[in-house]
Amino acid sequence: MTRTSKNRITRKIVLSVILFASSVIMLYPLVYMLLGALADNDQMYLNASFLPKPYFTADRIKNFTIVFEADDFTQSIFITFARIGFYAVINVLFSTMAGYIFSKMEFKGKKIVFLYLMSSMMIPGVAVMVPSYILLNRFPLVGGNDILGAGGMGFRDNPAVLFVTGWVPVYNMFLMRQSFNSFGSEMKEAAMVDGANHFLIMFVIYMPLALPCLAVMLIGMVIGFWNDYMTCLIYLPDLKGWHTIGTKIIDIIDLYGAGGNGVPYYSRIYGISFMFILPPIVVFLIFQRFFISGLAMGAVKG
Amino acid sequence: MVTASKKRRGIEAIKKGENRFAWAVMAPMLVYFTVFTMLPVIFVIIIGFTDWNGFYLNDIRFIGFDNFTRIFTDTRYLKLFLNTLIFGVSILALTIIFGFLMAQLMVKDIFLKGFNRAAWYIPGIISFAVISDIVANMLTPDGILNQILLGMGLSRREWFGEAFWMYFFIILLSVWRGLGGTMLLFMAGLNSIPEDLYEYGKIEGANAFQRLWYITLPMIKPIFMFNLITSMIGMFNIFEPIQLISQGRPEGKTSVLMYEIYNKAFADFNMGMSCALSVLVMIIVLVLSAINLKYSDLQDLK
């Protein structure tokens, strides 16, 4: 008895140590980044090693805070937040409505409409990147285009492009429908007898039940928009002032990270990058529980 | 009798109201969805048969299958498929194998479970663009990696000049980012297997390998397929590290499909060729998605 439990504890400790070591390896690049940002740049470069020596002095902080001095930084953060807020509202509203309608209402052609929407999940983003650009570039009556879409630039280099696409979040609609499917229709019927209208039922009665699902959606969305690199790269090539932070940060790194003699200013690169990757990590750590259940939601039935 | 018919009329009225309400909400969404999501799919196919430069509508000239014949006869284009495959298969094999092995260990009773899970997942939520930019800065001829090598008494390398090292770093980064997500999905699958099955297995005298082969693998087959196919679709999405680290160097040996689709459209202004490549990617992904649909949770749609 004591011997087997002793064995079990030994095994648990050994396994824990191995897995802890693996986690340290996974986090090593971030540790390196943080140490490098706190190191003296010249010293780190001349005595280069895999573990730079950090100095916890006040001037090291500059490597992190220099990002705030970049041109357009505040504006970039503001646009990013505006975009996140806008799409958060759109996602919550539209995926709740569509999810509720598909789960709890009957209408003619429901099956076909549902299949039509869901079929788009099979279309790879890569394959429609260029035609989507052409569509927005040639969009009629926008940005100097005529009714046929000729003559102007459409949504190219037009900040509105950050807000016009993706209003029908098909995958999120699907997740919300799945979520609503697990709640019965009794509440809906009772509310209808009491004379509640459909909006009241879906947003006041059913939506709060699907909060975990909404949380998963929103966390993924926030991190996605924060990191989004492609949109501004493709649609706003000549309008750098409007770039969201995911694209802007590369310019900032390249600007402050350019040292003399072709040697990059590493401690600045690491410091700026660390500031940029911190918000998604904090969001993740706070909402970890939702995040992990959400990951499984896509693949496991439930 | 009277009340029954009244009730039926009431139900019919509700049904009629539901039908009208559902369509009033869905119709605008469907119009928007058709324009912004489905129209590009039609565009990409049409433009794939032209040599359009993307500027003037009356420049659109249909050239039949010329783009496609060029792709299939020019080794430069065929190499794109090969390169994408090399990246894709290496990343896929490494993430699936290590993800599965780590998940096996992570589901065991260990200390610091939450910490390990977070540590493995965090790389996946960091902007790939920023990580790529940092690595690109580290690999320059006078960069810090060469500095470390010199410090260790080794000679410096031309990282950008050697295809092997370009592949090595890009694959390493992709695997580092992707492992956590894959592992968490496997963990969700492993956790859903009832413990009794293993007990029965032990009673029946199955050894550890047999339990893995006859219990674990069949039970997590749906998640395995989901992981496999989503990673396969994901392999067409490799862009940021190519754009920011290798840029196809050396001599286009590390150029991949998405990078070429982007470059053909936005650097060479050859929308026709770019769309032709996109069409091929779409066909491949549709086939993979069809397989996915068969094995994953999405079969609910049927």
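The values are calculated or read from the model by the stated rules, or taken from the named source; none is laboratory data. This is a predicted model, so every value here is computed, not measured. Heads up, the Cβs are rebuilt from the backbone with ideal geometry, glycines too, and the neighbour counts pull from every protein chain shown.
Condition (residue is more than 12 Å from chain B (Cβ to nearest Cβ) and modelled with pLDDT under 90) applied to the stretch A:117-140: is it met by at least one residue?
Scanning the stretch A:117-140 turns up no residue that is more than 12 Å from chain B (Cβ to nearest Cβ) and modelled with pLDDT under 90.
Kindly indicate whether A:Phe50 is of a type outside the set (Val, Ile, Thr) and at the interface with chain B (Cβ under 10 Å from one of its Cβ atoms).
Taking the combined requirement at face value, the residue satisfies it.
When you look at B:Gly143, is it facing another protein chain (nearest Cβ under 8 Å), at pLDDT below 90 and touching a helix residue (DSSP H, G or I) at 6+ places or on another chain (Cβ under 7 Å), yes or no?
Yes.
Quick check on this structure: which one of B:Gly48, B:Gly17 is more than 7 Å from every other protein chain (Cβ to nearest Cβ) and within 26 Å of the chain's Cα centre (by Cα)?
Checking each option against the conditions leaves just B:Gly48.
Do you know which residues across the stretch B:250-267 are outside any helix (DSSP H, G or I) and buried (at least 18 other Cβ atoms within 10 Å of the Cβ)? Step through it out loud before you land on a result.
Here is the first cut: in the stretch B:250-267, the residues outside any helix (DSSP H, G or I) are B:250-256, B:267.
Once the filter is applied, which keeps residues that are outside any helix (DSSP H, G or I) and buried (at least 18 other Cβ atoms within 10 Å of the Cβ), the stretch B:250-267 yields B:Thr254, B:Ser255, B:Val256.
Within the stretch A:145-158, identify whether any single residue is out of contact with any Cys (no Cβ under 6 Å at 6 or more places or on another chain) and over 30 Å from A:Gly241 (Cα atoms), and answer yes or no. Please lay out each step first, then the result.
Going through the stretch A:145-158, the residues out of contact with any Cys (no Cβ under 6 Å at 6 or more places or on another chain) turn out to be A:145-158.
So of that shortlist, the ones also over 30 Å from A:Gly241 (Cα atoms) come out as none.
For the stretch A:145-158, residues out of contact with any Cys (no Cβ under 6 Å at 6 or more places or on another chain) and over 30 Å from A:Gly241 (Cα atoms): absent.
Going by the structure shown, is A:Gly195 over 30 Å from the mean Cα position of the chain (by Cα) and more than 10 Å from chain B (Cβ to nearest Cβ)?
Against the criterion (over 30 Å from the mean Cα position of the chain (by Cα) and more than 10 Å from chain B (Cβ to nearest Cβ)), A:Gly195 qualifies.
List the pairs whose first member sits in the stretch B:110-137 and is within 21 Å of B:Leu244 (Cα to Cα), whose second member is in a loop (DSSP other than H, G, I, E, B), and whose Cβ atoms are under 7 Å apart, counting only residues at least 6 apart or on separate chains?
These pairs meet every condition: B:Ser127/A:Tyr229; B:Ala129/A:Tyr229; B:Asn137/A:Gly257; B:Asn137/A:Pro264; B:Asn137/B:Gly143.
If the Cβ limit is 6 Å and pairs must be 6+ apart or interchain, which residue in the stretch B:212-229 that is more than 10 Å from chain A (Cβ to nearest Cβ) pairs with which residue that is β-branched (Val, Ile, Thr) and assigned to a loop (DSSP other than H, G, I, E, B)?
Here the result reads B:Met219/B:Ile193, each pair linking the stretch B:212-229 to a residue that is β-branched (Val, Ile, Thr) and assigned to a loop (DSSP other than H, G, I, E, B).
Consider A:Arg156 against the criteria (1) among the charged types (D, E, K, R); (2) facing chain B (nearest Cβ under 9 Å); (3) within 23 Å of A:Ala82 (Cβ to Cβ): it satisfies all of them except one. Which criterion is unmet?
Of everything listed in (1) among the charged types (D, E, K, R); (2) facing chain B (nearest Cβ under 9 Å); (3) within 23 Å of A:Ala82 (Cβ to Cβ), A:Arg156 misses just condition (2).
Any residue at all in the stretch B:268-280 that is of a type in the set (Val, Ile, Thr) and outside any helix (DSSP H, G or I)?
No, that holds for no residue.
Quick check: is even one residue across the stretch B:235-249 part of a helix (DSSP H, G or I), more than 12 Å from chain A (Cβ to nearest Cβ) and either without any contact (Cβ under 8 Å) to a residue 24 or more places away in the chain or of a type in the set (Asp, Glu) (or both)?
Within the stretch B:235-249, not a single residue is part of a helix (DSSP H, G or I), more than 12 Å from chain A (Cβ to nearest Cβ) and either without any contact (Cβ under 8 Å) to a residue 24 or more places away in the chain or of a type in the set (Asp, Glu) (or both).
If A:Asn41 passes every condition in (1) away from every other protein chain (no Cβ under 14 Å); (2) polar (S, T, N, Q); (3) in contact with a Gly (Cβ under 9 Å, 6 or more places away or on another chain) but one, which one does it miss?
Only one criterion in (1) away from every other protein chain (no Cβ under 14 Å); (2) polar (S, T, N, Q); (3) in contact with a Gly (Cβ under 9 Å, 6 or more places away or on another chain) is unmet by A:Asn41, namely (1).
List pairs: first residue in the stretch B:271-283 and more than 7 Å from chain A (Cβ to nearest Cβ) and within 12 Å of B:Ile46 (Cα to Cα), second residue of a type in the set (S, T, N, Q) and part of a helix (DSSP H, G or I) anywhere in the structure, Cβ distance under 8 angstrom, at least six positions apart or on different chains.
B:Gly272/B:Asn67; B:Met273/B:Asn67; B:Ala276/B:Asn67
From B:Pro222, B:Pro218, B:Pro241, which residue is under 23 Å from the mean Cα position of the chain (by Cα), assigned by TED's automatic domain parsing to the domain that holds B:Ile126, modelled with pLDDT under 85 and not acidic (Asp, Glu)?
Of B:Pro222, B:Pro218, B:Pro241, the one residue that is under 23 Å from the mean Cα position of the chain (by Cα), assigned by TED's automatic domain parsing to the domain that holds B:Ile126, modelled with pLDDT under 85 and not acidic (Asp, Glu) is B:Pro222.
So which residues in the stretch A:85-111 are more than 10 Å from chain B (Cβ to nearest Cβ) and either within 16 Å of B:Pro28 (Cα to Cα) or crowded, with 18+ Cβ neighbours inside 10 Å (or both), if there are any at all?
A:Tyr87, A:Ile90, A:Asn91, A:Val92, A:Leu93, A:Ser95, A:Thr96, A:Gly99, A:Ser103
Just to check your reading of the model, which residue among B:Ser192, B:Ser174 is in the same structural domain as B:Ala119 (by TED's automatic domain parsing) and more than 18 Å from the chain's Cα centre (by Cα)?
B:Ser192
In the stretch A:252-283, which residues are more than 10 Å from chain B (Cβ to nearest Cβ) and among the hydroxyl-bearing types (Ser, Thr, Tyr)?
Listed by number, the residues that qualify are A:Tyr256, A:Ser267.
How many residues are over 16 Å from B:Leu244 (Cβ atoms) and surrounded by fewer than 19 Cβ atoms within 10 Å (Cβ to Cβ) if we restrict to the stretch A:238-255?
4
If you go through the stretch A:225-251 one residue at a time, how many are of a type in the set (A, V, I, L, M), in contact with a helix residue (DSSP H, G or I) (Cβ under 7 Å, 6 or more places away or on another chain) and facing chain B (nearest Cβ under 10 Å)?
So the answer is 5.
Here is a list of conditions, (1) within 7 Å of another protein chain (Cβ to nearest Cβ); (2) not in a helix (DSSP H, G or I), and B:Leu154 meets all of them except one; can you say which number that is?
The single condition B:Leu154 does not satisfy is (1).
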